[in-house]
1. For region 131-201, what % of the accessible area comes from carbon and sulfur atoms, probe 1.4 Å?
2. Using just the helices of the chain, give the 222 nm mean residue ellipticity in deg cm²/dmol: DSSP H runs with n ≥ 4 each add -39,500 (n - 2.57), and the total is spread over all residues, rounded to 500.
3. Relative to the longest principal Cα axis of the chain, at what angle does helix 2-36 sit, 0 to 90 degrees, rounded to 10?
4. Quick check: net charge around Glu93, other residues with Cβ under 15 Å of its Cβ, Lys/Arg +1 and Asp/Glu -1?
5. If you compute log10 I(q)/I(0) by the Debye sum over Cα atoms at q = 0.10, 0.15, 0.18 Å⁻¹ for the structure shown, which of [x] -0.42, -1.00, -1.46; [y] -0.54, -0.98, -1.24; [z] -0.53, -1.08, -1.44 do you land on?
6. How would you order 154-160, 20-26 from highest to lowest mean count of nearby Cβ atoms within 10 Å?
7. Which ³J(HN,Hα) values in Hz, rounded to whole numbers, follow from the phi angles of region 83-99 under the Karplus curve 6.51 cos²θ - 1.76 cosθ + 1.60, where θ = phi - 60° and Gly and Pro get x?
8. Hey, which lysines would be in cross-link range of Lys174, C-alpha to C-alpha under 26 Å, not counting anything within fewer than 8 residues on its own chain?
Amino acid sequence: MKQIVIVLVVLIGNIGFSQDSKKAETLLNEVYNKAQAYDNISVDFKYVLENTSEDIKQETRGDVVMKDDKYLLNILGVTRLFDGVKLYTISPEDEEVTVSSDNSEDENSITPSKMMSFYKEGYMYEMDIIQDVRGRKIQFVKLNPIDTNSEIKEIFLGIDAKTKHIYRLIEVGKNGTKTILTVNSFKTNEPISKTLFTFDENKYKEYYINKLD
């Protein structure tokens, strides 16, 4: 009889977890589908990198414009432009442009073009806490990498329950490093230049062009 009770408890627990996972998946899909419906997305954000054991804490602001898989990201004094094929990393301080293939296939890198869809492969997810942020209900979803060799320990996605927009992304690494991205403004369907995602080499004649591949 005792064994039957134990089995029932395990089964009920698994059913509860399955339902919780389904709710999390449904919410993430809502966020993804809503983002896909926009022609473009412009985000201004705060970025924090910290590792208490190494006494590291770095805060900065950045902004990004995304359209389909293309993006223009400005952060830490560097511009990253992805035109759909090549990634251009422009560093005015070094007067250098590094040209490479996009690293979106790297599971340990959440690029702007993967921001809304990275959860679809390689993660298990569950509903987490709800926070009240200035009158907004932020529902967090916890994502755990399936690959035990992943450098990522866990990810928390904070989603505005009303708008279904991402408000905060917290990535916790196995090395103790935590990165926090908080959205300050989220704009959609803004008028943008047709050449916004086109790299113009003529603007960087004095720069060293470093082609990696």
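The values are calculated or read from the model by the stated rules, or taken from the named source; none is laboratory data. Owing to the predicted nature of the structure, the values given are computational and were not obtained by experimental measurement. All Cβ positions, even for glycine, are placed from backbone atoms using ideal geometry, and neighbour counts span all protein chains on display. Ligands, DNA and RNA are excluded from the accessible area calculation, which covers all protein heavy atoms including side chains. Shrake-Rupley method; radii C 1.70, N 1.55, O 1.52, S 1.80 Å.
1. The C+S portion of the solvent-accessible surface of region 131-201 is 47 percent.
2. Only helices count here, giving -6000 deg cm²/dmol.
3. Tilt relative to the chain: about 30 degrees.
4. -3
5. Only one option fits the structure, namely [z].
6. 154-160, 20-26
7. Per-residue couplings from phi come out as 8, x, 10, 10, 10, 10, 9, 10, 10, x, 4, 8, 6, 9, 10, 9, 10 Hz.
8. Straight-line reach from Lys174, under 26 Å: Lys46, Lys57, Lys114, Lys120, Lys142, Lys153.
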